[in-house]
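**Q** The structure follows.
The values are calculated or read from the model by the stated rules, or taken from the named source; none is laboratory data. Please read these numbers as outputs of a predicted model, since none were measured by experiment. Heads up, the Cβs are rebuilt from the backbone with ideal geometry, glycines too, and the neighbour counts pull from every protein chain shown. When the accessible area is computed, the model is the full protein with side chains, heavy atoms only, and any ligands, DNA or RNA have been set aside. Shrake-Rupley method; radii C 1.70, N 1.55, O 1.52, S 1.80 Å.
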Amino acid sequence: MNVPLSLRVLGISVAGMALLTACPRPTPPPSGINLTFTFPSLTDTSNVQLAALGFEETGEDKPTAKVVAQTPLGYGPSSTSATLWLWGDMLRSWAENPKCTTPFLTGEARDKQEVTVTPNTAKTCNLYFLVYRDANRNGTPESGEVLYETHDRYSYATEAFTYRFVSPDGRSTETGTRTKGWSLVRHLVLQPSATPARYLVGMNSAPQEDEGLPIRLHEPTNFFTSQSLSGPGGHR
């Protein structure tokens, strides 16, 4: 094979070319995402923030919360909707953070009953969303400041997996399917008429094309029983 003059001048052999072309390309950093939220109207939006929170395990019962992104709603009457940008560098940092990306079995499934995870090596890191009034202006939501929340979350998984578990009180069964990487996980609660006081909770990664659909924020509610409906329907 004839090697082009330009490569011979640079001292690159055919073998070297093969090595160069065989080198794997680095994984590109995750791109950012703009999420849209809706919420009940507020008559006063002074010091009100839409925020995303991450949690870091500390080895104690209560992990440390950190605001990873937020935007003010401004002043005067609210428009009942807002957007929040999650930066790609921030998402990469949290995905690589061993205090957040922890085994699903000992993290999200901790203290649950009848836990099954396939594969059981999956690890996750979650970002949570809320609207709060920053009364003391310290830039962090505290007790009594939260106005609206959602049980939807933006979740990172080290690998695709499925799971099932039962809530600590035995009344709710949660199942879910997560995709590898970052995805928007939607929360759905059903209360079948055939099983009164028993709930089915779904937590599944939404298709990427549906991540632009609005996320509804509401007043704080119980995760396992919130906004349930009898029969086949349900709400997030």
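**Q** Filter segment 13-57 for residues that are modelled with pLDDT under 90 and among the aliphatic types (A, V, I, L, M) and give the result.
**A** Within segment 13-57, VAL14, ALA15, MET17, ALA18, LEU19, LEU20, ALA22, LEU42 meet the criteria.
**Q** Does SER46 fit the bill of being of a type in the set (S, T, N, Q), assigned to a loop (DSSP other than H, G, I, E, B) and either free of Cβ contacts under 8 Å to residues at least 60 places away in the same chain or surrounded by fewer than 19 Cβ atoms within 10 Å (Cβ to Cβ) (or both)? Let's see the steps before the verdict.
**A** Details: of a type in the set (S, T, N, Q): yes; assigned to a loop (DSSP other than H, G, I, E, B): yes; either free of Cβ contacts under 8 Å to residues at least 60 places away in the same chain or surrounded by fewer than 19 Cβ atoms within 10 Å (Cβ to Cβ) (or both): yes.
Here the answer is yes, as SER46 does meet what is asked.
**Q** Separate question: Among the residues of segment 202-223, which ones are touching a Lys or Arg at 6+ places or on another chain (Cβ under 7 Å) and of a type in the set (A, V, I, L, M)? Outline the logic, then answer.
**A** Keep residues of segment 202-223 that are touching a Lys or Arg at 6+ places or on another chain (Cβ under 7 Å), which gives 204-206, 216.
Listed by number, the list holds a single entry, ALA206.
**Q** Right, next: Restricting to segment 58-72, what's the tally of residues that are at pLDDT below 90 and more than 20 Å from HIS151 (Cβ to Cβ)? First the steps, then the outcome.
**A** The first filter runs over segment 58-72 and keeps only residues at pLDDT below 90, leaving 58-63.
In the following step, the residues that additionally are more than 20 Å from HIS151 (Cβ to Cβ) were identified as 58-61.
The number of residues fulfilling the criteria is 4.
**Q** Looking only at segment 101-156, which residues are assigned to a loop (DSSP other than H, G, I, E, B) and hydroxyl-bearing (Ser, Thr, Tyr)? Spell out the reasoning first.
**A** Step one: list which residues in segment 101-156 are assigned to a loop (DSSP other than H, G, I, E, B), which gives 101, 104-112, 119-122, 134-145, 150-152.
The answer is THR101, THR106, THR121, THR140, SER143, THR150.
**Q** I want to confirm something. Restricting to segment 157-181 and keeping residues that are assigned to a strand (DSSP E or B) and open to solvent by 40 Å² or more (accessible area, probe 1.4 Å), which single residue is nearest to LYS112 (Cα to Cα)?
**A** Step one: filter segment 157-181 for residues assigned to a strand (DSSP E or B), giving 157, 161-166, 172-178, 181.
Pick out the ones that are also open to solvent by 40 Å² or more (accessible area, probe 1.4 Å) and you get 162, 164, 175, 177.
On the way: THR162: 15, ARG164: 10, THR175: 12, THR177: 17 Å.
Top of the filtered list is ARG164.
**Q** If I ask for residues that are among the small types (Gly, Ala, Ser) and open to solvent by 70 Å² or more (accessible area, probe 1.4 Å), which ones from segment 87-115 would you list? Explain how you work it out, then say what you get.
**A** Start the filter on segment 87-115 by keeping residues that are among the small types (Gly, Ala, Ser), which leaves 88, 93, 95, 107, 109.
Scanning segment 87-115 gives no hits.
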